[in-house]
Amino acid sequence: MLHRSSRSSLAVQFLARFVVAGLSVVSLTCGAAQGHATPAIKSVGDVKSMLVATLPADAKEIGDALVATKIGDTITVRGYIPNNEDAFHADSAQFTLTPPVSSQASTDKPSPTPSTTMRTVTVRIANAKGETLKGPLNGQHGLKKGSEAFVTGIIETMVENRMTLRATAMHIPRSPLPPSLFSLAKIENATDITEARKAGGIKVGDEVVLRGRIGGAKAPFVAGRAIFTLIGRGLKACNENPDDHCAMPWDYCCETREAILANTVTVQVTDEKAQVLRTDMKGRQGLKELSEIVVVGKVAVADGKAVVVNATKMYVTR
Amino acid sequence: MLLPFDYAVRNLGRSPARLLLSVGGSMLVVLLILVAGGFVKGMSLSLQTTGGENNIVLLGAGSEESVERSEVEASTPGVVGASIQGVRAAAGVSFISPEVHVMLPVVVGEPGERADPPRQVMMRGVTHAAALVHDTVSLVEGRWPRPGSDEVMVGRMVPTVLGVTEEALTVGEKMSFDGRSWTIVGRFASPGTVVEGEVWLPLPDLMAATKRETISCVVFTIAPYDDATGEGAEFADVDAFTKTRPDLELVAMRERDYYGKLASFFAPIKIVAWVTAGLIALGGLCGGLNTMYAAFASRIRELGTLQSLGFRRIAIVWSMVQESTLATATGGLIAIVIGVLFLDGLAVRFSMGAFGLVIDEQVALLGLLCGVALGVLGALPPAMRCLGPSIPLALKAV
């Protein structure tokens, strides 16, 4: 015969076992899901699983990363794979990243070549044991000489102007942005888009320097293409109106479509074939909706309604 | 030591009426869960599978949530064909379909012939290009309607939408809207999509009937981009096109994304369906608990005897759970058979048209799990309560 306290104890034990068994099933399921989400990198072919489709918004330029970080930090850096023989390691998964030329030597050469004093980041892709993967990366997963790359990883070494980064994730734009596109120096003599469009006379082929804010649509950027819409200061963003708590103030939904059209310019970055570059603009240099920028470029379309500018230089004012 | 499984099975036969109630109750609960699951799954699938994989729809800016509100200039299809590279074409014909989507009140038969109130039906004004773009649509009877002849073709689910029999909407029958009679000249299928609840007619006829000069949208198919040849297009190319032509006031969406967004619009309805099913299951569980309390309470002496013979309480609880679960699982299985045979594919009308209930493996498994859960949860509290008294007290119980 069981004592009452023993019976209670039996019931509690039964319930406890039931709960523990349930929790074990749940934790095993979650563990399996976790394992599936971050597959182990064992070979160069597995590097594909490290690639992310979205351009990381918090990427640092290499120069800034060398100054503001320390060993052990996890950072995201943006750089270009140089056009020289040392760009890729011949036998292992390592490559070099260099800053855009404009930020190193103030030249506009599209293919940066590192010098002995150049700031560089060596990117290493390792397996779970920390060993660098065997086999070259050149030509794989969009990585090639001249490619632009956003690499997220842990800083392993830092010596003078060089650092080694153990990569955990990468974003490789399908088209590299011209290294000299973003200007570090303020661009003077910019005209607000509203004034420029009101004055009229914008013709195809004109060189223009325009200032505006990114907006005019719910999605002013196009994912995967270097194109966005810029709107003049002649119109107020919705959040600048008193008591307006619009969730997307950059779409200027408080204005008429005609007003938006009359104050908007489309900015695109194109290649030599006049095709829009296959890369994101959102997130670069902190670019986001309602960022104010100055654009230097040549007018590609001006039909009285739409104005499209092929940008050659940009400066993010805020 | 566990009690033999036969003991639980034989106990079920001791009271056939109670067994029938347990099986019938759990069957009804599982059946309702299957209906809720099939409703949610059917609605989601019909919206998610509507739209071609490479189809892109251009809507008027600001009308991303409703193609019916969208207005696009009638000249836009031509601009799209001339401006976007990579639009699919066959034999020189581009896969570009200008369309008008509008909900109209429709009655079956000639105007005034029947007393039935009109019902809202999604009408789609199309050209022959629609047959290229919407490749899931196939004509199952009759022919395509001719412009200017007051002809329409109807989807397979339209009878459900209009609440009439299939015979009322066969080829040659009439339907009325805009105060006029229209002849049904064809019937089409588009399995598993909401398109089956639509009436299609020539674009100019619908534009005239609705007195509009603009179209609702342009649907077109892109050829997938080939990195090697550089031919084809991606969604981003179309999106970029809309940015370079702000004067057209267009917004581009993947057709599947558009219908996927509609699916999220119906999320509250799905929640209501699940909550209703959950409440019914809870009611079923309470009923089951009541039955089990009554069933087990009369067996306290028997349970005391089992304990005195040396069976542990956990073994007795396990046997009772087996007994209860056998009954409810049987009910669940019967419900699944009924669901698969009679509910799967059953047409349901909703604001976007109609869809069929989907009782697939996942829904059936959910129903079975609920049936088993009813058995386990329904047996545990009464079993533990009956095992509460000490053995002498249990043996003296009447």
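Rounded to the nearest 20 debye, the dipole magnitude of the protein assembly as shown is 2960 debye, with +1 charges on Lys and Arg beta carbons, -1 on Asp and Glu beta carbons, and the Cα centre as origin. Cut-off 20 Å, label point 7 angstrom out along Cα-to-Cβ of residue B:165: give me the residues of the range B:342-374 whose amide nitrogen falls inside. Once the point is set 7 Å along Cα→Cβ of residue B:165, B:346-349 turn out to lie under 20 Å by backbone N, inside the range B:342-374.
Applying a threshold of 28 Å to the alpha-carbon distances of A:198/A:313; A:60/A:144; A:288/B:41; A:60/A:236; A:273/A:305 flags A:288/B:41; A:60/A:236 as lying beyond it. The convex hull of the Cα atoms of chain B, projected and averaged over all directions, covers 27.0 nm². The fewest-to-most ranking of A:188, B:198, A:255 by surrounding Cβ atoms within 10 Å reads A:188, A:255, B:198. With the cut-off at 1.5 for a/c, could you classify the protein assembly as shown from its C-alpha gyration tensor as rounded, prolate or oblate? Taking the square roots of the gyration eigenvalues as a ≥ b ≥ c, the protein assembly as shown is oblate.
From the Cα gyration tensor of the range A:168-318, with a ≥ b ≥ c the square roots of its eigenvalues, which class applies: rounded if a/c is under 1.5, or else prolate if a/b is larger than b/c, or else oblate? Oblate. For the peptide B:234-240, the mean number of other protein chain Cβ atoms found within 10 angstrom of a residue's Cβ is 6. Placing R0 at 25 angstrom, the Cβ-Cβ distance between residue B:294 and residue B:5 gives a FRET efficiency of 0.60 after rounding to 0.05.
In what sequence do A:171, B:134, B:128 fall when counting other Cβ within 10 Å, fewest first? The fewest-first ordering by Cβ neighbours comes to B:128, A:171, B:134.
Ranking B:134, B:263, B:366 by Cα position along the charge dipole of the protein assembly as shown, where only Lys, Arg, Asp and Glu carry charges on their C-beta atoms, puts B:366 farthest toward the positive end. In this simple spin-label model, placing a label point 7 Å from the Cα along the Cα-to-Cβ direction at both residue B:225 and residue B:173 gives a separation of 4.8 nm. Among residues other than residue A:86 with Cβ under 15 Å from its Cβ, the summed charge is +3 (Lys and Arg +1, Asp and Glu -1). Taking a Cβ cut-off of under 14 Å around residue A:50, the surrounding Lys, Arg, Asp and Glu residues balance to a net charge of +3, with basic ones at +1 and acidic ones at -1.
Note down the magnitude of the dipole of the range B:185-312 about its Cα centre, charges +1 on Lys and Arg C-beta and -1 on Asp and Glu C-beta and zero elsewhere, to the nearest 20 debye. Using Cβ point charges on Lys, Arg, Asp and Glu, the range B:185-312 gives about 1240 debye. Translational diffusion coefficient of the range A:172-228 at 20 °C, 1.002 mPa s, Stokes-Einstein with Kirkwood Rh over Cα pairs, in µm²/s as a whole number. The calculation lands on 152 µm²/s.
A simple spin-label model places the labels of residue B:103 and residue A:298 5.2 nm from each other, with each point 7 Å out along Cα-to-Cβ.
For the range A:49-64, the residues whose amide N sits under 20 Å from a probe point set 7 Å from the Cα of residue A:154 along the beta carbon direction are A:49-52, A:60. A cut-off under 9 angstrom between Cβ atoms defines the neighbours of residue A:218, and their net charge, with Lys, Arg +1 and Asp, Glu -1, is -2.
Report the far tail of the P(r) of the range B:151-210, meaning the percent of Cα-Cα pairs longer than 14 Å. Tail of the P(r) past 14 Å holds 54 percent of the pairs. For the range B:1-152, the residue among B:89, B:38, B:16 whose Cα projects farthest onto the positive side of the dipole built from Cβ charges is B:16. Just to compare against my own numbers: the Cα pair-distance distribution for the range A:262-318, 10 Å bins, whole % per bin, please. Pair shares across the bins are 21, 53, 26, 1.
About its Cα centre, the dipole of the range A:36-93 is roughly 220 debye, where the only charges are +1 on Lys and Arg Cβ and -1 on Asp and Glu Cβ.
In chain B, taking the dipole from charged Cβ atoms about the Cα centre, the farthest positive-side position among B:105, B:391, B:148 is held by B:391.
Coordinate-derived values only; no laboratory data. Every value quoted in this text rests on a predicted model; they were computed, and no experiment measured them. Here Cβ is always computed from backbone atoms with ideal geometry, including for glycine, and neighbour counts include all displayed protein chains.
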